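> Okay, here's the structure, questions in a sec.
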Amino acid sequence: MKSCKEVHKLLHSEEDLGLMEKIKLRIHTIMCKHCNAYRRHLQLVRQGVAKWVEKASDVDPERVKDLEKKFLRKTKRRNNSD
Ligand SMILES: [Zn+2]
């Protein structure tokens with residue numbers, strides 16, 4: 001089974017994961033309540049950003065992506081220091 005650190009890296013990854021990676025990731029998040037909560041948190045952040053971008057038509061999409069990355073990096077850093 002993957003470690004929580006490996007799972008967090010994969011959750012932050014923007015690459016398209018292969019089927020086996022997705023299955024391993026899903027198994028881990030089903031069995032680990034911390035990673036499952038973390039996955040849901042990231043999902044909420046991404047959905048929130050997407051909704052915000054939808055409403056704000058004059059926002060530069062590259063700037064939004066930058067802000068999302070910075071936010072996720074800070075969240076990841078805070079999470080790793082626990
Ligand atoms: Zn975990």
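> Do we have Q47 as polar (S, T, N, Q) and either exposed (fewer than 11 other Cβ atoms within 10 Å of the Cβ) or in contact (Cβ under 8 Å) with a residue 40 or more places away in the chain (or both) here? First the steps, then the outcome.
Values: polar (S, T, N, Q): yes; either exposed (fewer than 11 other Cβ atoms within 10 Å of the Cβ) or in contact (Cβ under 8 Å) with a residue 40 or more places away in the chain (or both): yes.
Taking the combined requirement at face value, the residue satisfies it.
> Quick test of your reading of the structure: K55 fulfils all but one of (1) surrounded by 13 or more Cβ atoms within 10 Å (Cβ to Cβ); (2) away from the ligand (no atom under 16 Å from the Cβ). Name the failing condition by number.
Every condition holds for K55 apart from (1).
> Turning to a different aspect of this structure: Residue check, V64 against (1) away from the ligand (no atom under 16 Å from the Cβ); (2) modelled with pLDDT of 90 or more; (3) surrounded by 15 or more Cβ atoms within 10 Å (Cβ to Cβ), all met but one. Which one?
(2)
> Do we find a residue being exposed (fewer than 10 other Cβ atoms within 10 Å of the Cβ), modelled with pLDDT of 90 or more, within 13 Å of the ligand (Cβ to nearest atom) and closer than 20 Å to K2 by Cα anywhere in segment 22-38?
yes
The values are calculated or read from the model by the stated rules, or taken from the named source; none is laboratory data. Since this is a predicted model, take the numbers as computed values, not measurements. FYI the Cβ positions are ideal-geometry reconstructions off the backbone, even for glycines, and counts take in every protein chain you see.
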